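To keep things clear, I will list the structure first and then write my remarks on it.
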Amino acid sequence: MKHTSKALMLVAALAVGACTNADRFDNDPSGGGGAGAGTGQSTGIIPGSANDPTSSAYFQQTVGDRVLFAVDQSTLGPEARATLEGQAQWLLTNPDYLAVIEGHADEQGTREYNLALGARRANAVMEYLISKGVAGSRLKFVSYGKERPIEVCSEEACYAKNRRAVTIISAGLTG
Amino acid sequence: MRQAVTAALMLVLSGILMPLAALAQSGPLRIEITEGVIEPLPYAVPGFVAESFEAQQLAQQVTQVIAADLTGTGLFREIPREAHISQITSFASPIAFADWKAINAQALITGAVTVDGAGGVVVKFRVWDVFAGTELGQGMQFSSTADGWRRLAHKVADQVYSRITGETPYFDSRVVFVSETGPKNERAKRLAIMDYDGENLQYLTDSSAIVLAPRFSPGGDRVLYTSYETGFPRVHVLSVGNVQSRILQTTEGVMSFAPRFSPDGTTVVYSMTQGSNTDIWAMDIASGATRRLTTGPAIDTAPSFSPDGSQIVFESDRSGSQQLYIMPAAGGEGTRISFGQGRYGTPVWSPRGDLIAFTKQNAGRFHIGVMRTDGSEERLLTASFLDEGPTWAPNGRVIMFSRETQGAQGATALYSVDISGRNLRRVRTPSGGSDPSWGPLQ
């Protein structure tokens, strides 16, 4: 029973992860040059729009701002790592941005444990970005536990999207 | 005859708590809270006599609160006014015991309410053992300002409860909790404080920042909680008197949460997250000096002191899943005490010291349960989609907790349950509620 549901959750997580990253990684499976390729095509782009590769909209929609986790886990799967490769590249290409990684849990868990679990997830993301060369001084993390679900149903379809770490970027102090 | 009456009066309720020595106590009117329910004890509480015109409405209200307290325990059953034969028209009048026996009122509570010229309220009362034809204990009176009348009623009910059960009471107590409004994905949370029965609610914070898991100080004068006021979860302490709060844990860049007071109120234990690791720390409130109590890469959180302050029960996933452990208050190796199926969290040590309440997750359900401090005699008291966060009544006989319903419209509410698992009741709150912490007897 437990194994079955875990397997299902993993499938759901993978499916969603694939969706989020389809635009970027289907075109460039190596995961290395996406942001760089974007930077090249700078004519006719509205600054700040999702077409502007230096915009936070681009980061959210094209790079992918979130990774998902299995039940009670903080391990980064292949899809999550691919997304984070892109995030790391983007952050290296756009050095004026800072990032806060928000860790979240689904509602199946006690409140304080889920706070710590969300922290584990966010920290896993932060450490991965650092391992890819992003300066730790540009990153910090915070956990919301189960306090900020984005999906409200009490089913795995919703839980899978709520077990997430979201990288929120903001313009740095130097502007 | 006397034997039979005594036996009939011995209601037998939940297990394990009542020392046998208590059987030797005073009068025959007695609820023994021990094993297995027979039936709640029938009692009558005729409307308290108003001894001044100003007291007429108040006398009725006081009587209603007393009856609600007693009946709300599940240990007592009120005989309705319509069934009464005798009327009590003066506090000093002799009791017509035969009239109360005839309706099988085993206990009778009489009282009177006066409002003095300055607006002060005085409530006096007597408890009668109807079948013995005697007074149980002595008449007493309590007084307060006009706005304190509910507390007077709770104090009377506390006396009645205590005289008949031999237990310490809990009605004159308050609860701090998180008041919740709005849908799941946009929930607003505020700290609120109220009487144990949901009355006299007062908000302590606005909803601008997420607040979590408040805990009363042993004296009830301060509240520890976690707030995102700084954008980051941090332990705060709030003074109930002037509703002023300050951040207790100030280390930059680390999350601190799950704070609880030591029994002497001088120390706070809490969780702090560094990297992926969450450990339990202790802080001396006066000096701010901190000490680490657990080490290792696991999530160690939800600490709770034993009443004597010598030990701490907490949850850890060091074994791979959430389980309960006990360690010395100075920190160190924990001894695992939970071994059943599923995950165990949020342990709270009973004020009597003998039991630990917890939240258990197993097979997709949540339970509130209790176990002995060595982990034996686990009993699950509730089951639902999501029950969590137990807190003990000051006498260790009742547990309050939060329950959340399933689905997109899911909402939270506070419930209480007897430690026997009986008398599950919803606590009235104006909106949703979670994370209750039951304060001391006032």
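At a glance:
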{"quantity": "In region B:335-380, chymotrypsin sites (Phe, Trp or Tyr not before Pro) in a DSSP loop with at most 16 other beta-carbon atoms within 10 Å", "calculated": "B:339"}
{"quantity": "For chain B, built as a Gaussian network whose Cα springs stay under 10 Å, the top-fluctuating residue of B:245, B:208, B:402", "calculated": "B:208"}
{"quantity": "Over the protein assembly as shown: helical MRE at 222 nm, DSSP H runs n ≥ 4 each giving -39500 (n - 2.57), nearest 500", "calculated": "-6500 deg cm²/dmol"}
{"quantity": "For residue B:407, distant residues with modelled amide H under 5 Å away", "calculated": "A:154"}
{"quantity": "Nitroxide proxy distance, nm - points 7 Å out along Cα→Cβ at residue B:83 and residue A:155", "calculated": "5.0"}
{"quantity": "Simple Cβ-charge dipole of the protein assembly as shown, Lys/Arg +1 and Asp/Glu -1, about Cα centre, in debye nearest 20", "calculated": "400"}
{"quantity": "Length-normalised contact order for region B:41-165 - Cα pairs under 8 Å, 6+ apart - percent", "calculated": "28"}
{"quantity": "Contact order normalised by residue count of region B:290-396, Cα under 8 Å, 6+ apart, percent", "calculated": "19"}
{"quantity": "Projected label distance in nm at residue B:425 and residue B:203, using a 7 Å step from Cα toward the beta-carbon", "calculated": "2.7"}
{"quantity": "Placed amide H near residue B:41: partners under 5 Å, 5+ positions off or other chain", "calculated": "B:76, B:77"}
{"quantity": "Extension gain (nm, one decimal) between residue B:118 and residue B:61, 0.36 nm per residue minus Cα-Cα", "calculated": "18.5 nm"}
{"quantity": "Shape call, region B:351-408: gyration tensor on alpha carbons, a/c limit 1.5", "calculated": "oblate"}
{"quantity": "Compactness of the protein assembly as shown, expressed as Rg and Dmax over alpha-carbon positions, Å", "calculated": "28.8, 103"}
{"quantity": "Contact order relative to length of chain B, as percent, for alpha carbon pairs under 8 angstrom and 6 or more apart", "calculated": "10"}
{"quantity": "Shielding by other protein chains, A:119-126, mean Cβ within 10 Å", "calculated": "4"}
{"quantity": "Computed E for residue A:46/residue B:321 - FRET, C-beta separation, R0 41 angstrom, nearest 0.05", "calculated": "0.25"}
{"quantity": "Coordinate range along principal axes, alpha carbons of region B:41-165, Å, largest first", "calculated": "41, 28, 26"}
{"quantity": "Counting all C-alpha pairs of region B:64-137, share separated by more than 18 Å (%)", "calculated": "46"}
{"quantity": "Inter-chain shielding of A:141-154 (mean C-beta neighbours from other protein chains, 10 Å cut-off)", "calculated": "6"}
{"quantity": "Simple spin-label estimate for residue B:147 and residue B:39 in nanometres, 7 Å along Cα-Cβ", "calculated": "4.5"}
{"quantity": "Residue among B:289, B:105, B:118 with the largest mean-square fluctuation in a Gaussian network model of chain B, springs linking Cα atoms under 10 Å", "calculated": "B:118"}
{"quantity": "Share, in percent, of DSSP beta bridges within region B:41-165 that are antiparallel, nearest 5", "calculated": "70"}
{"quantity": "Sequence of B:374, B:197 once ranked by neighbouring C-beta atoms within 10 Å, starting from the fewest", "calculated": "B:374, B:197"}
{"quantity": "Members of A:146/B:184; B:124/B:155; A:146/B:189; A:146/B:360; A:161/B:184 lying beyond 20 Å, as alpha-carbon distances in this model show", "calculated": "none"}
{"quantity": "Taking A:140, A:161, B:184 and counting other C-beta atoms within 10 Å, the order from fewest to most", "calculated": "A:140, A:161, B:184"}
{"quantity": "Long-range tail of P(r) for region B:173-441 (Cα pairs > 23 Å, %)", "calculated": "49"}
{"quantity": "Under Karplus coefficients 6.51, -1.76 and 1.60, residue-wise ³J(HN,Hα) of region B:110-126 in Hz, glycine/proline x", "calculated": "10, x, 8, 10, 10, 10, 8, x, 8, x, x, 10, 10, 10, 10, 7, 9"}
{"quantity": "Residue-span extension gain [residue B:405 to residue B:134] - 0.36 nm each, minus C-alpha spacing", "calculated": "92.7 nm"}
{"quantity": "Stretchable slack from residue B:254 to residue B:310, in nm (0.36 nm times residue separation minus alpha-carbon distance)", "calculated": "17.4 nm"}
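Any read-out appearing in this document is the output of simple, stated calculations on the displayed coordinates, not a laboratory observation. What you see is a predicted model; the values in this text were computed from it and never measured. Backbone-built Cβ (ideal geometry, glycine too); neighbour counts: all protein chains shown.
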